[in-house]
Amino acid sequence: MPFNRRDILRSAGALAALQALPHAAVAATGPDVAAEAMLAATAEQILADFPEAAAGLGIDTGARAALKSRLSDRSPAGLHRSAELARATLARLRTIDLAPLSPGMRTNVDVVRTAFEGAVEGFAFPYGDVATLTSGWRNSPYLVAQNVGAYLDIPQLLDINHSVQAPADAEAYLDRMAAYAGQLDGETEGVKAAGARGVILPDFALAQALKQLRIARAGKIEQWGIVASLARRTTAMPGDFGGRAAKLAAERIAPALDRQIAALEAQQPHATIDAGAWKLPQGDAYYAWALGAATTTTMTPDEVHAMGRDELARLHARMDGILKAEGYSQGSVGARMTALGKDPRYLFPEGDPGRAEIMAYLRDKLKDIRSRMPRAFETLVPGFVEVTRMSPAAEPGAPGAYGGAGTIDGKEPGRFWINLGSTSRWTRYSLPDLAYHEAIPGHAWQGEYTFKQPLIRTLMTFSAYSEGWGLYAEQLADELGVYDDFPAGRLGYLQSIAFRACRMVVDTGIHAKRWTREQAIEFFVTENGSNPEEVRSEVDRYCTWPGQACGYKIGHSTINRLRDKTQAALGARYDFRKFNDAVVLGGNVPMTVLERNIDAHIAARKG
């Protein structure tokens, strides 16, 4: 979206209103309500700056209806404005006195301050996409990559999250299409500026990004997903919205895509094979920030690397016993898992028949695990989630899967997105665990608990918590007996956890120890018996999302450490379901805050 005077005035007005809130509220209503008012105003500021977040939650309605016509500004000027707002907001948040607040409100303020502190640190680097305030699961030094950019985000947002119930919704869709063209040009401007500073994608990631952009640009425009989606949903409405969308795509979006493609093509002669953040300006400092944002710890790259190797050895020891019992006794654990991955009993057919089998298999596993949830939680949520195939255009550069909760009003389900570009990357022993991680009791399930939090807490996520919970969800499924008659499935689960330990080694290897991409791939395949096809896209993802891959196992280990601490402190009073409730009901938090929440749970149970 172009940066204009109206945006400046809107931002200035929001900031002025925010600055006026605390003093008036304190005088009238006391500390908790004052803090609540400030956090509510901060949430509205975030939504105004990142309207996509409102669309994802289904709250761009009513008083927020104007957000439905807008997208965020991805230009350098827009990012500068976001940085200024973040700094000003953090200064205001730091004026809140925590001492007189209730424990719950103190946690809320602590969480929000932490998110803004991370954002401000990230914005200090003169390049990159800082996602800490609205999608803390990843930050990137690149504005456009094979897994970063408007060309990936916005078509999916419009198709899935932008509801079209009336002509006004369709008009808003068209406004967002125009804003999408503006986002592309804003990113292109940023790509050029970053390139001038030496911030250029590794050559393999650049080639993949260009491949995907060309796929997005190819074909008849009236058949583009972004056009067809609106045309399909407005057939009964007057206004020729499909025709107008095609015209807008041809006149605005296609040329913007061409300009972005040209900008990236111009950088290809300057791209190198170097994959790590170390090659960037202030690269070591950038990686330290990204690693801290992902793990919400102060662990150094060397400490994370060593922890990953230790965890991997422990997990492989468990896998060794199961493999021997299954008749796989020769070779390393990685070699034996590679052999297991070729066992015809666990493979799916190629092509559409295999895709259909995979979708049915996943839905069956989710139906089963849903029935077990009352044994793990006292406080239950609906777990409204659907299994959905990723867009084929996005699959080449996308991870194997991802998932999350639906809308706050419950009208739209959560999604478990599965990459089915090739069925050979999946096995029958690995897929159940993936469903538990992404859907129930993983991301989609946990995300529904955030709907009970203040809005700003729903907006903010911390990778170590959310991905740590995803791994803990895999563990819960095992503890609930899903693999008692399926030893190979338990191997799939343990291989998944070991995969996350490998990530700690590989991510720090790439970004701090100057590993090559091929070294990273070889480590995964050799040490963990991972599928080379899956690993290749995984490693490419780590190259463009520094630090993100490390949050998973660190978060998982922290949750288990806190569970051990709770059991030791409470003895006979320890309750499995109540502990799990304490973790999810406290919301998505940094690891330091999670420990304080669990300490409060222990104190309450002791009476």
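The values are calculated or read from the model by the stated rules, or taken from the named source; none is laboratory data. Please read all numbers here as calculations on a predicted model, not as lab measurements. For neighbour counting, all protein chains shown are included, and Cβ atoms are generated from backbone atoms with ideal geometry for every residue, glycine included. Calculation scope for accessible area: heavy atoms of the full protein, side chains included, ligands and nucleic acids excluded. Shrake-Rupley method; radii C 1.70, N 1.55, O 1.52, S 1.80 Å.
Of all positions in segment 289-303, at least one carries a residue that is touching an Asp or Glu at 6+ places or on another chain (Cβ under 7 Å) and surrounded by 19 or more Cβ atoms within 10 Å (Cβ to Cβ).
Between Ala193, Ala205, Ala266, Ala256, the distinction of being of a type in the set (A, V, I, L, M) and closer than 30 Å to Pro167 by Cα belongs to Ala256 only. The numbered conditions (1) open to solvent by less than 20 Å² (accessible area, probe 1.4 Å); (2) modelled with pLDDT of 95 or more; (3) in contact with a Pro (Cβ under 8 Å, 6 or more places away or on another chain) are all true for Arg541 except (2).
Taken over segment 348-375, the criterion of being surrounded by 15 or more Cβ atoms within 10 Å (Cβ to Cβ), over 17 Å from Val387 (Cβ atoms) and either basic (Lys, Arg) or without any contact (Cβ under 8 Å) to a residue 24 or more places away in the chain (or both) is satisfied by Arg372 alone. Within segment 437-458, restricting attention to residues that are aliphatic (A, V, I, L, M) and open to solvent by less than 10 Å² (accessible area, probe 1.4 Å), the residue that is nearest to the chain's Cα centre (by Cα) is Ala444. Being in contact with a Gly (Cβ under 7 Å, 6 or more places away or on another chain) and small (Gly, Ala, Ser) is true of Gly341. Total residues in segment 109-120 satisfying the condition of being under 15 Å from Met38 (Cβ atoms) and either under 19 Å from the mean Cα position of the chain (by Cα) or surrounded by 23 or more Cβ atoms within 10 Å (Cβ to Cβ) (or both): the figure is 4.
Taking segment 525-597 as the region of interest, the helices (runs of 4 or more DSSP H) fully inside it that hold 1 or more residues being under 23 Å from Val381 (Cα atoms) and of a type in the set (A, V, I, L, M, F, W, C) are 551-570, 576-585. Does Arg345 meet the test of being open to solvent by 30 Å² or more (accessible area, probe 1.4 Å) and either modelled with pLDDT of 95 or more or more than 27 Å from the chain's Cα centre (by Cα) (or both)? Yes: the conditions hold for Arg345.
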